[in-house]
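The values are calculated or read from the model by the stated rules, or taken from the named source; none is laboratory data. Here the structure is a predicted model, which is why all the values come from computation and not from measurement. Quick reminder, even Gly has a Cβ in these numbers, built from the backbone with ideal geometry, and neighbours come from all protein chains shown. Please note that ligands, DNA and RNA were not included when accessible areas were found on the heavy atoms of the full protein model with its side chains. Shrake-Rupley method; radii C 1.70, N 1.55, O 1.52, S 1.80 Å.
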Amino acid sequence: MLFSNKVLSEQKFSFPAKAPNVADIKLKLGTIFKEYNFSYKDMNNMMVVLDEACSNIIKHAYKGAEGDIDFEIQVKEKGIYITIIDHGKSFNWKSFRTPNLNHYVDIGKKGGLGVWIIRKLTDRSDYKITQRGNELMLVKYHSKPSILNRILSIFSTGRGIKEKFALATTMFIIVLMGSIYWYFLQHEREVLKEKYILNSAETVRSLGQYAKDRMIKGNALPIIKLVQQIKKNTENVREVMVIDNTGKIIAHSDVQKLYTKFEMKDSVTGSGTVADVQLVTFKDTRGEGYRLVEAITYQNIDIGEAHIVIGAEDARRVMEGKKANIIFVTIVVFALSVLGIYMLLGVIMKPLMQLKDGVIAIGEGRLDHKIELDGKDEFTDIANAFNDMAKKFKGVQAELVEQEKVQKEIQVAKEIQMTLLPKDIPETEGFDIASFYRAARDVGGDYYDVMKVGPGLIGVIVADVSGKGVPGSLVMTITRTVVRLVANQNRSAKNVLVKVNNFVKEDMKKGMFVTAFYLVLDSLSRKINFACAGHDPLLIYRAKEDKVYWVKPKGFPLGISLPDDDLFRTVMAEENIKLQKDDLLLIYTDGVTEAMNGKREQFGEQRFVETVKKYGKLTAREFISNLEEELKNFTQGYPQNDDITLVAIKEKKSENMVMNKAGKDIEKLKKKGMTGKEIEKKLGINIGVFERLNRLRKEKGRAKEGMKFLTFEQKKDLMKYILEKPEEGVKYYTAQLSKKYGIAIDSKLIKNELKRTYLATVEARKVYSQDRK
């Protein structure tokens, strides 16, 4: 029975090879997975596999023609065995090579991962051509829960959020307090032992000095009295003695051993010195002990030794007395911690429970129910959104038929999404910021936000969800909420994106991800810190040079499944730049460059760059208006395939202008008698940061920071040289670019660009060149 794999169920069914039927196929298979108790993870993985397999059959095997997809299902004790049969065009399964994910991210390739996903998420998979047609076999075994999952199941089964959190935190406190208790006992035991040994060392030295004078005079009686007094007055001492240079005991705490020959009968386990006194560690019937020996010398001649023997059990005996106090303190701290947790949970859970009750009420059709929350936090925003949604649902409920009702719900979701986009762009000293957003569908997957994240700090994010419609909108809503939570007072764009990824990666639906570009504007230092999570490049227009720079730091998309949990953080890079007066910075989604006309031509990067050069010296709002007109003229009303989102940032002032104005404002307010905190609140700046930046500015003088990136044209030419000669290195590419543009191009720019595009090695460049040829 050990190797038994009994068949539990067999089913056969077919579906027409049409895209709308994929959802029905997944629903039917999902019912089977639930019936036979497959884990949520296994079922979710197989839903992704079925989606990929059926979509590829419809798109590539039948190519839109009529046909059926046949299914043969066997559920066995070990797992599920699925055979998918089609009668369309076949392909070579075995010729498929494992893709380079870093390369896919670099070139922005979409699709082509279907076979890799199928192999990755199933336990066995095979493809063969038979008389019945093209057969794809998929096997998924029941996964065995890990020890960690079994422990976590204790916290998840039949419990609410409050109970789960309280139980998990209580367990953590128990482990923490137990560890601290154990460490404290061990540490205190060692401290007491060292204390006993050190005190005994001082005593034996004093005894040796006292005995020396009496031994020279031949008077042992005072020594005997002192030895017995030491033994009587010191509880932790086992025995005290003085021996002469012949080994005879002339003084001992036990008078029965006087004038006998001294013999070391202990089992010695170690030796050393403490405070210049010899220390011998031994073991006997009473356990571990320590013998401290002080040599007695006269005129460099050994005339005897003083011995004191103590036992380790004395330290343990003292610790036993302290245990009760330690346990009492531990219990009190534990009780207070648990009480504090439950009180804190009560505060946190109250709005959550109100939200839950409100959602349940709306779900049951009680649209008059209103969620009442006080405050201006995220809970209130969600409550208001649900209240608005309920109000809109109620207004259309009695007027529309079922199909119209579904369309209205989507429209309501769109309105909710639009409320999450920034209504007003915060004013920022020296920066002119404008935005443009147009959804391709009723509810789009693009998202942008401009928010104040600290004194003088503005956070700007543009993101693109890999799904459209309502699912994309929900993912966008979650992302927006998390970004606003973690961005506050955070000057590092990379740190913000890493924290956002840690929040959303576990809860994001398989197959979905979010590309994002996030930057932080510092209105005082004029520094812009930015990082990219697999998004389109940042575009920088330097007005004085009439040059366009295309910058894309390394980074994976948010929510994507990676083999190493820390890979997202280690791969992601962040950059810094200072704009000059009249420079223009653009963050956008691929809907701009991929906008199509009736001839299926894309607007493209080159037209985008030409438009930037044409209108880049205008204000941010004027630039967006002209770009929108250019897109309109190009597409000629052709239906839009993707959302278009763009944020334009124009540098209106130089660093010196901003700093001088801020300095004058601070001095003016100081003369009015305002305190530092009042000035900071009024001006929205940190005086300490201002003074540090002002000092650095004066030390650096008027030297301006040059661009650390290649221009758009230089980058295109670099890619051309790599395609032609991938085996060459940085020196060759630097020489070629310098020769073409008639200027000395820094080799560091070439080296950094190769790192950003994952082409730093000859092997990577050869693969890149081969793929494009």
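Just a few scattered comments:
- If you go through region 291-312 and pick out every residue that is more than 23 Å from Ile250 (Cβ to Cβ) and either in a strand (DSSP E or B) or open to solvent by 70 Å² or more (accessible area, probe 1.4 Å) (or both), you end up with 1.
- Of all residues making up region 568-597, the number that are part of a loop (DSSP other than H, G, I, E, B) and either more than 22 Å from Asp464 (Cα to Cα) or among the polar types (S, T, N, Q) (or both): 8
- Consider region 16-45 and keep the residues that are not in a helix (DSSP H, G or I) and not aromatic (Phe, Trp, Tyr). The one that is least open to solvent (accessible area, probe 1.4 Å) is Ala17.
- Gly534 in contact (Cβ under 8 Å) with a residue 24 or more places away in the chain and crowded, with 22+ Cβ neighbours inside 10 Å: yes
Residues are listed down the side, and each one gets a yes or a no for (1) buried (at least 22 other Cβ atoms within 10 Å of the Cβ); (2) touching an Asp or Glu at 6+ places or on another chain (Cβ under 7 Å); (3) farther than 20 Å from Asp565 by Cβ:
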{"site": "Lys494", "(1), (2), (3)": "no, yes, no"}
{"site": "Leu497", "(1), (2), (3)": "yes, no, no"}
{"site": "Phe503", "(1), (2), (3)": "no, no, no"}
{"site": "Val520", "(1), (2), (3)": "yes, no, yes"}
{"site": "Ile528", "(1), (2), (3)": "yes, no, yes"}
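- Within region 181-192, residues that are within 15 Å of Thr330 (Cα to Cα) sit with their Cβ atoms under 8 Å from residues that are polar (S, T, N, Q) and surrounded by 11 or more Cβ atoms within 10 Å (Cβ to Cβ), at 6+ positions apart or across chains, in these pairs: Tyr181/Thr330.
- Selection within region 200-225 - crowded, with 18+ Cβ neighbours inside 10 Å, touching a strand residue (DSSP E or B) at 6+ places or on another chain (Cβ under 8 Å), closer than 14 Å to Gly304 by Cα and not hydrophobic (A, V, I, L, M, F, W, C): Gly208, Lys212
- Test result for Gly555, assigned by the TED database to the domain that holds Phe513 and more than 35 Å from the chain's Cα centre (by Cα): no
- Comparison of Glu705, Glu727, Glu713 shows that the only residue that is within 37 Å of the chain's Cα centre (by Cα), closer than 21 Å to Ile577 by Cβ and at pLDDT 90 or above is Glu713.
- Out of Thr477, Thr515, sole residue that is open to solvent by 10 Å² or more (accessible area, probe 1.4 Å) and in a strand (DSSP E or B): Thr515
- Failed condition for Pro99, given (1) modelled with pLDDT under 90; (2) open to solvent by 80 Å² or more (accessible area, probe 1.4 Å): (2)
- Taking residues in region 220-239 that are modelled with pLDDT of 85 or more, and partners anywhere that are open to solvent by less than 40 Å² (accessible area, probe 1.4 Å) and in a loop (DSSP other than H, G, I, E, B), the pairs with Cβ atoms closer than 6 Å and at least 6 places apart or on different chains are Val227/Ser253; Gln228/Ser253; Lys231/Ser253; Glu239/Ser253.
- Failed criterion for Gly178 (all others in (1) free of Cβ contacts under 8 Å to residues at least 12 places away in the same chain; (2) open to solvent by less than 60 Å² (accessible area, probe 1.4 Å); (3) over 30 Å from Ala335 (Cβ atoms) hold): (3)
- Hits in region 52-68 - residues which are touching a helix residue (DSSP H, G or I) at 6+ places or on another chain (Cβ under 6 Å) and either open to solvent by 20 Å² or more (accessible area, probe 1.4 Å) or β-branched (Val, Ile, Thr) (or both): Glu52, Asn56
- Restricting the first member to region 194-212 and to residues that are touching a residue at least 12 places away in the same chain (Cβ under 8 Å) and small (Gly, Ala, Ser), and the second to residues that are surrounded by 17 or more Cβ atoms within 10 Å (Cβ to Cβ) and in a helix (DSSP H, G or I), the beta-carbon pairs closer than 6 Å and six or more apart or on different chains are Ala211/Ile223.
- Among the residues of region 598-637, just one is closer than 19 Å to Asp464 by Cα and of a type in the set (Gly, Ala, Ser), namely Gly604.
Conditions tested, residue by residue: (1) assigned by the TED database to the domain that holds Tyr541; (2) touching a residue at least 24 places away in the same chain (Cβ under 8 Å); (3) touching a strand residue (DSSP E or B) at 6+ places or on another chain (Cβ under 9 Å).
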position	(1), (2), (3)
Tyr588	yes, yes, yes
Gly591	yes, yes, yes
Asn626	yes, no, no
Lys632	yes, no, no
Pro639	yes, no, yes
Asp642	yes, yes, yes
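- Selected residue (criterion: least open to solvent (accessible area, probe 1.4 Å)) from residues of region 537-554 that are in a strand (DSSP E or B) and of a type in the set (D, E, K, R): Arg542
- Scanning region 416-443 for residues that are open to solvent by 50 Å² or more (accessible area, probe 1.4 Å), part of a helix (DSSP H, G or I) and modelled with pLDDT under 70 returns no hits.
- The test for being aliphatic (A, V, I, L, M), surrounded by 13 or more Cβ atoms within 10 Å (Cβ to Cβ) and in contact (Cβ under 8 Å) with a residue 40 or more places away in the chain does not hold for Ile249.
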